[in-house]
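Rule-based calculations on the coordinates, nothing more; no lab input. Just so we're clear, the structure is a prediction, and the values are computed from it rather than from any experiment. With ideal geometry, Cβ positions are generated from the backbone for all residues, glycine too; neighbour counts draw on all protein chains shown.
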Amino acid sequence: MSWGNTSHVATDSSGNVYVYQRQDPPILIFGREGQLLHSWGNYQLMDAHGLFITSNDEVFVCDRDAHQVVKYDLQGNVLLKIGRRDKPALQKPFNHPADIAVSSDGDIFVADGYANSCIHHFSSKGMHIKTWGSWGSDPGQFITPHGIWVADDRVYVCDRENNRVQIFEQMEHT
């Protein structure tokens, strides 16, 4: 098996390893011993970027060049799509999203890093709650927010071109 450019890795609740790559099939699932168990996503995803698997085994991916976030079950069935495929948007979802994180209560946070330099917050059902940030180097501004994580009611954002991590209280952005 040949691999494309790999962009992210995550594990499900059974310890299986999911690799998100930039060729078909984009999602590869490996067992704990490294054996390929399954793959999915052929012809569905354009440009692998962010990957997040919740404790409920929901698989979220950022499809950067399609300008979408897609939620799947473990078998690759689409459960939710956020954003309009192939329709980039300025200062609203999405324009080349880079990464995704899901809070313990199911809220979805997306680092929309390549063109928008902002963070989008959605409910677990995909309803837009808030967008914050803009291009720049001041606190709360970003130049390519590229990684995101949510823990202990805080949102951690890797602000790549500003060479920093910014931390936000989740409640401030609801």
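The lysines within cross-link reach of residue 87, meaning a Cα-to-Cα straight distance under 19 Å and a gap of 8 or more places when in the same chain, are 71.
What is the fewest-to-most order of 2, 117, 39 by other Cβ atoms lying within 10 Å of their Cβ? Show your work: numbers first, answer last.
Numbers: 2 5, 117 22, 39 18.
Going from least to most buried by this count: 2, 39, 117.
Considering every Cα-Cα pair within the range 130-170, what fraction, in whole percent, is farther apart than 17 Å? Don't skip to the answer; put the middle values down first.
Values: 167 of 820 pairs.
Distances greater than 17 Å cover 20 percent of the Cα pairs.
In the chain, the sites counted are chymotrypsin sites (Phe, Trp or Tyr not before Pro) in DSSP loop states with at most 11 other Cβ atoms within 10 Å, and the longest stretch holding none of them, exclusive of the sites, is 44-174.
Suppose R0 equals 22 Å; then what is the FRET efficiency for residue 14 and residue 79 from their Cβ-Cβ distance, rounded to the nearest 0.05? E between residue 14 and residue 79, to the nearest 0.05, is 0.75. One decimal place: the segment residue 57-residue 37 gains 5.6 nm when fully extended, by the rule 0.36 nm per residue minus the C-alpha distance. A Cα-only calculation for the range 47-173 places Rg and Dmax at 13.2, 42 Å.
Could you line up 28, 90 from fewest to most neighbouring Cβ atoms inside 10 Å? Each step should come with its number before you reach the end.
Numbers: 28 21, 90 8.
In order of increasing Cβ crowding within 10 Å: 90, 28.
Of 100, 53, the sequence from fewest to most neighbouring Cβ atoms within 10 angstrom is 53, 100. Ellipsoid semi-axes for the range 1-94, based on the Cα gyration tensor and the rule √(5λ), read 23, 15, 10 Å when sorted largest first. Fraction of C-alpha pairs exceeding 20 angstrom in the range 80-149: 21 percent, rounded to a whole number.
For residue 134 and residue 65, the FRET efficiency from 1/(1 + (r/R0)^6), where r spans their Cβ atoms and R0 equals 25 Å, is about 0.65.
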